[in-house]
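As structure tokens, the structure follows; a few thoughts come after it.
The values are calculated or read from the model by the stated rules, or taken from the named source; none is laboratory data. The structure presented is a predicted model; accordingly, all values stated were derived computationally and were not measured. Glycine also receives a Cβ, built like all others from the backbone with ideal geometry; neighbour counts cover every protein chain displayed.
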Protein chains: 2
Amino acid sequence: MKIVVLKFGGSSVGSIKKIQNISKIIIGYLKKKYKVIVVSSAMSGETNKLANLTKKISKNFPASEYDSILATGEQVSCSLIAGCLIDKGYKARSWSAWQIPILTSGNYSHSRIVKINKKNILKFLKIGGIPIITGFQGINSENRVATIGRGGSDASAIMLAKFFKAEKCVIYTDVDGVYTTDPNITTNAKKIKTISYEEMLEMASLGAKVMQPHSIQDARLNRIDIEVKSSFKNIAGSTITKRKNILTKNIIRGVSFTKNDTKFTLVGVKDRPGVAASIFEPLYKNAINVDMVVQNISSYKKETDLTFTIKHEDLNKTEKLIKKNKNISFKKIIIDDKVSKVSIIGVGMITTPGVTFRMFSALAKKNINILVISTSEIKISVLVDRKNLKKAVDVLHKEFKLDY
Amino acid sequence: MKIVVLKFGGSSVGSIKKIQNISKIIIGYLKKKYKVIVVSSAMSGETNKLANLTKKISKNFPASEYDSILATGEQVSCSLIAGCLIDKGYKARSWSAWQIPILTSGNYSHSRIVKINKKNILKFLKIGGIPIITGFQGINSENRVATIGRGGSDASAIMLAKFFKAEKCVIYTDVDGVYTTDPNITTNAKKIKTISYEEMLEMASLGAKVMQPHSIQDARLNRIDIEVKSSFKNIAGSTITKRKNILTKNIIRGVSFTKNDTKFTLVGVKDRPGVAASIFEPLYKNAINVDMVVQNISSYKKETDLTFTIKHEDLNKTEKLIKKNKNISFKKIIIDDKVSKVSIIGVGMITTPGVTFRMFSALAKKNINILVISTSEIKISVLVDRKNLKKAVDVLHKEFKLDY
């Protein structure tokens, strides 16, 4: 069987008209002799609406019931898609996770799919059926509904592709592919035809809202090619695949950035073993994600300046936690809420020397001051004043030949 | 185990504030040492909202998918109630029909509950849990969600009371009980403390919107006492029970009425065997409910006048069907869209002669003309001009000593 998994995100099923539109996309694959497995998210806005109901009852609304509530959004959209296809004369059927079943492990709201029972779906595919499967959810060992985290329908699609050995997995969404940078910041942004899992992972976690990093990681581990396409425009998208499938001479594949970072500098921290752990432990415990960290060791003074960045929304919480932390002492806190992180990404930089130098000198030529630097194997990030953001993206996009 | 089944209708769970309110009612029964099984409808308005989504796709939206969509409304309300109770420190859990399971038979959207597996719920009750169970739904032999018709949460509650041998079943709703007549038409309406299943059946099908007739019938067959109470006011409600539990000397228990009837009279119908069937067959096939029927046989003329009533909303459809019906001939149609049906109900009339006479003479004294008469064992209905409706209800309410 030549199987394709098609995943539709919330915006792709956000209205009845859009559902009618995607039913045409599904029929298109049938005509190409594919056996089609459809995975759908909830209609856009629904998940938030349901989550808000629970918040009105309690800030600590129990996760087991929260998951049961959120899971209904996909049940509705899947039945609407199935009903639409049946109405057009096709053999379709909605499948809730418990009917398949899709088995999860882990905590509620953050579960992972561990097994998919193929029997029922295979039987349905064999008689020419189009199964429309609820994304974002499964059932756990207690026979209760468990969700796999926001955006988790991508993960559902990848796991279905894995278990059913699908030829490919197509993620239909409201963007038409992966771009070298955000087209909203520069019209020079170009669509990327193929990108490696690793590069896409760095792009995603840095703010390219195409796919959840978890799902890309799942696809990478299972060697599943993912095509990201627009459900509104019938044009080629981007394919996320293994490195050796990438045919490009470009060292750098994209320039990503964040807009809402905040920089903390603790000046004159008493330096002793474990001080960094003492600073970050309460932040970790309060689910505050610390991103870039720089420490200037000044051994002769037994003091150090420690700089780190967090998301803007965690500013107040972080400031309180630092100030009431009795395990550290420092002279003062400097907070800069007007910074942005700009990153260049590309597997090519592993084997190419001088990328760092080219990046820094390109920024220097435009008088852009670098506040913090952070590097990984395939990514270099710098923190800059937010007023320099567009200028920095533009110059790096040009420097690494992404403009054309 | 002393078990009580509490059913909450859509208006009782129509907002977060209302859900918090009913959680207090539930806790009240726990304090009285009851094991509590809760059944909930969807939040008011939700079911219609979901149904409207399907209508936008197709007027013939497939019933299997329609049921899957509608069933999500109860899943949300049950999880909200469970979450609210857990948040207050109680051991609660939502149960979807498939988790129990509740088994149905029959067509989608009109299924009936045939079996409830008690094991999981009993286990949960024994460890002190409060199961919050989705009303209105079950799963069928194909392991798919099937609903039991609008208002079906009442039926779910009755069947749960039956299978778990509950001491009683309390229907919480937005009315505070069953009244001798609609309090909106006369301030003399009094709340009825106990009413028999049979009387309630006649009251319900005549427009007293307290409970679905199907559910009352189920309760009657299984001898389950039903208490109808307000979820907003903490006052005694009405109990629906077997005849022998009714302690009252009143022959007539209530005066019910309809507001939106339409009377059709076919004048000069050619009288031959089967003519009535020929008239009503197309109406039946088009789901038009014919209520009262009167035929004046005039054998010497081989002609007859036939009068019947339907709901106002079916007026145009009925007129068209009659006019295009080639199997009948008649001289003219007279349509009166300004009529109402008034009924007196009471099991006492079976053994008491003269009730009919008292009814007719009471109406005559107020110069209210009777257009059509229809009787059953425990009910007498008359059709009157709608302008006489209030006057008719008032005089009958007084005549049969319901005013005090």
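Quick check on this structure: which one of B:337, B:291, B:305 is in contact with a helix residue (DSSP H, G or I) (Cβ under 9 Å, 6 or more places away or on another chain), of a type in the set (D, E, K, R) and in contact (Cβ under 8 Å) with a residue 40 or more places away in the chain? When all the criteria are applied, what remains is B:337. Looking across region B:101-117 at every residue that is aliphatic (A, V, I, L, M) and buried (at least 21 other Cβ atoms within 10 Å of the Cβ), the one that is farthest from residue A:100 (Cα to Cα) is identified as B:113.
Filter region B:373-389 for residues that are more than 17 Å from residue B:350 (Cα to Cα) and in a strand (DSSP E or B) and give the result. Full working, then the answer.
Start the filter on region B:373-389 by keeping residues that are more than 17 Å from residue B:350 (Cα to Cα), which leaves B:373, B:382-389.
Correct list: B:373, B:382, B:383, B:384, B:385.
On the given criteria, is residue A:120 within 10 Å of chain B (Cβ to nearest Cβ), surrounded by fewer than 24 Cβ atoms within 10 Å (Cβ to Cβ) and within 24 Å of residue B:76 (Cα to Cα)? Here the answer is no, as residue A:120 does not meet what is asked.
Summed over region A:91-101, the residues that are over 11 Å from residue A:38 (Cβ atoms), within 8 Å of chain B (Cβ to nearest Cβ) and in contact with a strand residue (DSSP E or B) (Cβ under 7 Å, 6 or more places away or on another chain) give a count of 2.
The rows are residues; the columns are (1) more than 17 Å from residue A:13 (Cα to Cα); (2) within 13 Å of chain B (Cβ to nearest Cβ); (3) touching a Pro at 6+ places or on another chain (Cβ under 9 Å); (4) not in a loop (DSSP other than H, G, I, E, B).
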residue: A:84; (1), (2), (3), (4): no, yes, no, yes
residue: A:89; (1), (2), (3), (4): yes, yes, no, no
residue: A:103; (1), (2), (3), (4): yes, no, no, yes
residue: A:114; (1), (2), (3), (4): yes, no, no, yes
residue: A:133; (1), (2), (3), (4): no, yes, no, yes
residue: A:166; (1), (2), (3), (4): yes, no, no, no
residue: A:181; (1), (2), (3), (4): yes, no, no, no
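Close contacts from region A:74-86, counting a first residue that is closer than 13 Å to residue A:96 by Cβ and a second that is buried (at least 24 other Cβ atoms within 10 Å of the Cβ) and aromatic (Phe, Trp, Tyr), with Cβ to Cβ under 6 Å and a gap of 6+ residues or different chains, come to A:74/A:136.
Rundown of residues vs (1) in a strand (DSSP E or B); (2) touching a Phe, Trp or Tyr at 6+ places or on another chain (Cβ under 9 Å), yes/no style:
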| position | (1), (2) |
| --- | --- |
| A:340 | yes, yes |
| A:344 | yes, yes |
| A:352 | no, no |
| A:358 | no, yes |
| A:363 | no, no |
| A:370 | no, yes |
| A:391 | no, no |
| A:398 | no, no |
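Quick check on region B:27-68: of everything there that is assigned to a helix (DSSP H, G or I), among the hydrophobic types (A, V, I, L, M, F, W, C) and farther than 22 Å from residue A:19 by Cβ, which residue is farthest from the other protein chains (Cβ to nearest Cβ)? It comes out as B:30. Within region A:125-141, the set of residues being over 18 Å from residue A:40 (Cα atoms) and crowded, with 16+ Cβ neighbours inside 10 Å comprises just one member, A:140.
Let me confirm something: among B:266, B:160, B:247, B:221, which residue is outside any strand (DSSP E or B) and buried (at least 16 other Cβ atoms within 10 Å of the Cβ)? First the steps, then the outcome.
Working: B:266 fails: outside any strand (DSSP E or B); B:247 fails: buried (at least 16 other Cβ atoms within 10 Å of the Cβ); B:221 fails: buried (at least 16 other Cβ atoms within 10 Å of the Cβ).
Exactly one of B:266, B:160, B:247, B:221 is outside any strand (DSSP E or B) and buried (at least 16 other Cβ atoms within 10 Å of the Cβ), namely B:160.
For region B:142-157, how many residues meet the condition of being modelled with pLDDT of 95 or more and surrounded by 24 or more Cβ atoms within 10 Å (Cβ to Cβ)? The qualifying residues number 5. Filtering A:40, A:109, A:94 for residues that are closer than 30 Å to residue B:90 by Cα and in contact (Cβ under 8 Å) with a residue 40 or more places away in the chain leaves a single hit, A:109. For region B:296-325, enumerate the residues that are part of a loop (DSSP other than H, G, I, E, B) and modelled with pLDDT of 90 or more. Selection gives B:324, B:325. When residue A:110 is tested against the conditions (1) modelled with pLDDT under 95; (2) part of a helix (DSSP H, G or I); (3) not acidic (Asp, Glu), the lone failure is (2). Pairs needed: first member in region B:245-257, of a type in the set (S, T, N, Q); second member anywhere, surrounded by 12 or more Cβ atoms within 10 Å (Cβ to Cβ) and at pLDDT 85 or above; C-beta distance under 6 Å; at least 6 residues apart or different chains. So the pair list comes out as B:256/B:343.
Restricting the first member to region A:3-20 and to residues that are within 12 Å of another protein chain (Cβ to nearest Cβ), and the second to residues that are in a strand (DSSP E or B), the beta-carbon pairs closer than 6 Å and six or more apart or on different chains are A:13/A:40.
Given the conditions (1) touching an Asp or Glu at 6+ places or on another chain (Cβ under 6 Å); (2) farther than 18 Å from residue B:231 by Cα, which single one is not true for residue B:164? Of the numbered conditions (1) touching an Asp or Glu at 6+ places or on another chain (Cβ under 6 Å); (2) farther than 18 Å from residue B:231 by Cα, the odd one out for residue B:164 is (1). Restricting attention to region B:374-397, the residues being closer than 16 Å to residue B:355 by Cα, surrounded by fewer than 22 Cβ atoms within 10 Å (Cβ to Cβ) and more than 23 Å from the chain's Cα centre (by Cα) number 1. Please specify each residue of region B:22-59 satisfying the condition of being surrounded by fewer than 17 Cβ atoms within 10 Å (Cβ to Cβ) and closer than 18 Å to residue B:76 by Cβ. Passing the criteria: B:45, B:48, B:49, B:51, B:52. Residue pairs whose Cβ atoms lie under 6 Å apart, separated by 6 or more positions or on different chains, with the first residue in region A:180-191 and over 14 Å from residue A:256 (Cβ atoms) and the second outside any loop (DSSP other than H, G, I, E, B) and at pLDDT 90 or above, are A:188/A:397; A:191/A:179.
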